[in-house]
Amino acid sequence: MEKNIEGISFREYNIGNMIKLIRKKLKEASMGRLKELRKYVDNELNKIEDFDKRNGAIVHLYGVSLAAAMIARKRGLDPDLASMAAMLHDLYAYAAGSYDDHAHKGAELARSILSELKLTDEEETDTICLAIYRHDDKLAEDSAMDEVLKDADVIHHCMHDLSKPIKDKERARFDKLCAEFGM
Ligand SMILES: [Fe+2]
């Protein structure tokens, strides 16, 4: 029987197959890193003593994370990276108990967490931190990944409780999302 690695026989070991194998391994590793980041975030959120605040934070971060993965996938972007940005995007506000400048300060916090956890390369860290830095600027249109995070945040704000009125600054973005997703 012919020897093989990961289903690729030695005879088929060319550059193309090596790249496929590396991609597969990277994907496996990236599936684990979201879980690892969530473990860190869960631990931080569990420090919030007030039940309603803690519960609200968990529901929002996981809700935005799911929406971000779906939007990213639909637009051909990396859902894993989008989910990671979402898990971190409001963490500063929850930890500080204030939304003052939370996007900019949140980007700094995200950078320190990501450099501690070593789950992302430099480019990915920059992508996540920039999306967090810009996520509160809902009226501006920024890079593709920035837009995924803003849109995911808006989806959760507008659809988590349909009885709540939609904020003026989120109306146009929400309408655009409804058109994009046929809702
Ligand atoms: Fe948010």
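Every number in this text was worked out from the coordinates using simple rules, so none of it is lab data. This one's a predicted model, so the numbers in the text were calculated from it and none came from an experiment. Methodologically, a virtual Cβ is constructed for each residue, glycine included, from the backbone with ideal geometry; neighbour enumeration extends over all protein chains shown.
Does any residue in the range 77-97 that is more than 19 Å from His157 (Cα to Cα) and assigned to a loop (DSSP other than H, G, I, E, B) come within less than 7 Å, Cβ to Cβ, of a residue that is more than 11 Å from the ligand (Cβ to nearest atom) and of a type outside the set (Phe, Trp, Tyr) six or more places away or on a different chain, and which pairs are these?
Leu77/Ala144; Leu77/Met145; Leu77/Val148; Asp78/Ala72
When you look at Asp100, is it over 16 Å from His157 (Cα atoms) and part of a helix (DSSP H, G or I), yes or no?
Considered against the rule, which asks whether it is over 16 Å from His157 (Cα atoms) and part of a helix (DSSP H, G or I), Asp100 comes out as no.
Check whether at least one residue in the range 150-159 is within 16 Å of the ligand (Cβ to nearest atom), over 18 Å from the mean Cα position of the chain (by Cα), touching a residue at least 24 places away in the same chain (Cβ under 8 Å) and not in a loop (DSSP other than H, G, I, E, B), and report yes or no.
no
Which of the residues spanning the range 159-178 are surrounded by 12 or more Cβ atoms within 10 Å (Cβ to Cβ) and among the small types (Gly, Ala, Ser)?
Of everything in the range 159-178, just one residue is surrounded by 12 or more Cβ atoms within 10 Å (Cβ to Cβ) and among the small types (Gly, Ala, Ser), namely Ala172.
Would you confirm whether or not the range 126-141 contains a residue that is among the charged types (D, E, K, R) and assigned to a helix (DSSP H, G or I)?
yes
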